[in-house]
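The values are calculated or read from the model by the stated rules, or taken from the named source; none is laboratory data. No experiment lies behind these values; they were computed from the predicted model shown. All Cβ positions, glycine included, derive from the backbone under ideal geometry; neighbour counts span all protein chains shown.
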There are 2 protein chains.
Amino acid sequence: MGVQGEARYRQVAADLREAITTGRYGSGGRLPAEGDLAQHYGVSRGTVRQALAVLRADGMVTSRRGTRRVVLGAARTQSFAELLSFTRWARSIGEEPGGRTVAIEPAAGDPGECAQLGLEPGSTVFRVLRLRTLSRVPVMIERTIYPERIGALVHGFPIDAVSHTEPLEDLGVLFTDADHTIDQWPADAEDARLLGCPPGTSLLRERRRTTDPTGVPVEWSQDRYLPGTVAFTVHNSVATTALYRRRG
Amino acid sequence: MGVQGEARYRQVAADLREAITTGRYGSGGRLPAEGDLAQHYGVSRGTVRQALAVLRADGMVTSRRGTRRVVLGAARTQSFAELLSFTRWARSIGEEPGGRTVAIEPAAGDPGECAQLGLEPGSTVFRVLRLRTLSRVPVMIERTIYPERIGALVHGFPIDAVSHTEPLEDLGVLFTDADHTIDQWPADAEDARLLGCPPGTSLLRERRRTTDPTGVPVEWSQDRYLPGTVAFTVHNSVATTALYRRRG
DNA sequence: GTGCCGGAGTTGGCTGTACAACTTGGTCCA
DNA sequence: TGGACCAAGTTGTACAGCCAACTCCGGCAC
């Protein structure tokens, strides 16, 4: 049923997810009681609850005291890795990702950059500017600021490297948490030239700060997408909320 | 420490949240071990772990096997209610919300609308168009589709009712889960007239489908914000992902 | 100095139990 | 007919315990 070596509750969650996705329980239907599921999978009720918490967070099932869980439908959530990496995301939807490094250089970070990366003002950072494509069509401009430690590694990558995230992970850099802010921003002259749109065109902007498990920022990125190329979806519920709306 | 009658783990979570927000542990610092926290609060380790799971989902702390938890910083997450309701959100940031119903009418839903609300094609729905303001300045156009059952209630609300969500809740309508999709969309003639911007202006669009605990859709809303008025923030991690990026 | 190794400390995973809070459906009574 | 009430079923909360997997640091050998 599940992958050997993975936690039992993840195997159960994966099996339930597949059962829901293939419609075995039907959208709007009820899931079996936790006790029945526990017996069926040969695990304790606690383990089943752990599995169901995963599906709950993905928005696949509801849960309410006193009544059986309701199936909401197949979830549309991606793994953390697919969200972080344009390359992985593109591949997961069957597109051919591309990347071209336009500029990469060390510099003294401005106060805002250093604050985002948790560095002393004036610390050295690496500024990377890349043009990202899907099937060779430009869709996004990526401006990433790395702390010196990481940037030095990126500096060694080939100019036409498709992915930066993957080789960084191979080098032992861990990405575990990210904050994304989504709004829109007009294209500046550089954006316009690289994306092939008129200056001032409103672009969908995603700013992202990524940290490693010790809480140290490893990346501060600003991605600008051409209109109509991407949309972002978030699920939340009374049980778990990770979404925030603020004044722009 | 906490509110009487609330679950113990929520009280512990609230106390830890406050401790982190007020800087008692310092950003980047370490949390005490689960066992120590359990002893301090006089609860079992399981309860402490439940509390920490809440903070983990909010992006306030990391967690990794083998080492103590790291404090990431004060979270910026809002309650589900504040996300759902423009009115509640505005009040929570100290702004004065306003709403004016421009149009409300029953109609035969088109196939897309009925699909979103889980209704038979051609079922009766209520289309509501509202202009939302902050401190009397127009910032957003809200187009909401309600199923007949809910729409009939909304039809009775005053035209200048600030909130629709709150009176619906008072009438026993429960909102528990929502899927948000964020992208941009050009202002049509109506948007432009109401918001006072040129037609074709790129607006930040949030589409939202909300369901009750039994999985029945209660609302399908499309909100269009003037540029620069709002931004959306999402936190996710390897542990919990509720965010999705898709082709627009 | 450098690198290997081991042990203490810590979180992840799983089990089992017990009770509380809530939903639901049916029964009974006015 | 309608409403109050009860009982069964189900999830939420909490406790206690055990072991595995992992991190981290210090000691030790080279």
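Annotations
- Considering region A:15-53, the residues that are under 28 Å from the mean Cα position of the chain (by Cα) and basic (Lys, Arg) include one that is nearest to DNA strand D (Cβ to nearest atom), namely A:Arg49.
- Checklist (1) within 11 Å of chain B (Cβ to nearest Cβ); (2) surrounded by 17 or more Cβ atoms within 10 Å (Cβ to Cβ); (3) in a loop (DSSP other than H, G, I, E, B) applied to A:Ser163, failing item: (1)
- B:Thr229 vs. criteria within 14 Å of another protein chain (Cβ to nearest Cβ) and more than 30 Å from A:Ala81 (Cβ to Cβ): yes
- Every condition in (1) more than 14 Å from DNA strand C (Cβ to nearest atom); (2) farther than 25 Å from A:Ala53 by Cα; (3) within 14 Å of chain A (Cβ to nearest Cβ) holds for B:Asp58 except the one numbered (2).
- Residue list for region B:57-66, filter: within 16 Å of DNA strand D (Cβ to nearest atom) and within 15 Å of B:Gly23 (Cα to Cα): B:Val61
- For region A:21-54, taking the residues that are in a helix (DSSP H, G or I) and within 12 Å of chain B (Cβ to nearest Cβ), the one that is nearest to DNA strand C (Cβ to nearest atom) is identified as A:Gly46.
- In the set (1) assigned to a strand (DSSP E or B); (2) within 14 Å of chain A (Cβ to nearest Cβ); (3) crowded, with 17+ Cβ neighbours inside 10 Å, B:Tyr146 fails one condition alone, (2).
- Any hit, region B:88-100, residues being among the β-branched types (Val, Ile, Thr) and surrounded by 17 or more Cβ atoms within 10 Å (Cβ to Cβ): no
- Taken as a whole, the condition of being within 23 Å of the chain's Cα centre (by Cα), at pLDDT 95 or above and within 14 Å of chain A (Cβ to nearest Cβ) applies to B:Arg207.
- Complete set of residues in region A:67-78 that are near DNA strand D (Cβ under 9 Å from one of its atoms) and more than 10 Å from every other protein chain (Cβ to nearest Cβ): A:Arg68
- Matching residues in region A:205-220 - criterion: being within 16 Å of DNA strand C (Cβ to nearest atom) and surrounded by fewer than 20 Cβ atoms within 10 Å (Cβ to Cβ): A:Asp212, A:Pro213, A:Thr214
- Checking B:Val173, B:Val154 one by one, the residue that is assigned to a helix (DSSP H, G or I) and in contact (Cβ under 8 Å) with a residue 40 or more places away in the chain is B:Val154 and no other.
- Subset of region B:63-86 [out of contact with any Lys or Arg (no Cβ under 6 Å at 6 or more places or on another chain) and among the polar types (S, T, N, Q)]: B:Thr67, B:Thr77, B:Gln78, B:Ser79, B:Ser85
Every residue, every condition in (1) farther than 25 Å from A:Thr176 by Cα; (2) surrounded by fewer than 19 Cβ atoms within 10 Å (Cβ to Cβ); (3) in contact with a Gly (Cβ under 9 Å, 6 or more places away or on another chain), yes or no:
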site: A:Ser63; (1), (2), (3): yes, no, no
site: A:Thr67; (1), (2), (3): yes, yes, no
site: A:Arg76; (1), (2), (3): no, yes, yes
site: A:Ser79; (1), (2), (3): no, yes, no
site: A:Phe86; (1), (2), (3): no, no, yes
site: A:Ala108; (1), (2), (3): yes, yes, yes
site: A:Val125; (1), (2), (3): no, no, yes
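- Pairs are defined by a Cβ separation below 8 Å, a sequence spacing of at least 6 or placement on different chains, a first member in region B:43-66 that is under 12 Å from B:Val12 (Cα atoms), and a second member that is part of a helix (DSSP H, G or I) and among the aromatic types (Phe, Trp, Tyr); the pairs so defined are B:Val43/B:Tyr9; B:Thr47/B:Tyr9; B:Thr47/B:Tyr41; B:Val48/B:Tyr9; B:Val48/B:Tyr41; B:Gln50/B:Tyr9; B:Ala51/B:Tyr9; B:Val54/B:Tyr9.
- Test: A:Val12 is within 16 Å of DNA strand D (Cβ to nearest atom), assigned to a helix (DSSP H, G or I), surrounded by 14 or more Cβ atoms within 10 Å (Cβ to Cβ) and within 13 Å of chain B (Cβ to nearest Cβ): no
- Residue that is surrounded by the most Cβ atoms within 10 Å (Cβ to Cβ), among those in region A:181-202 that are at the interface with chain B (Cβ under 9 Å from one of its Cβ atoms) and more than 30 Å from B:Ala239 (Cα to Cα): A:Ser202
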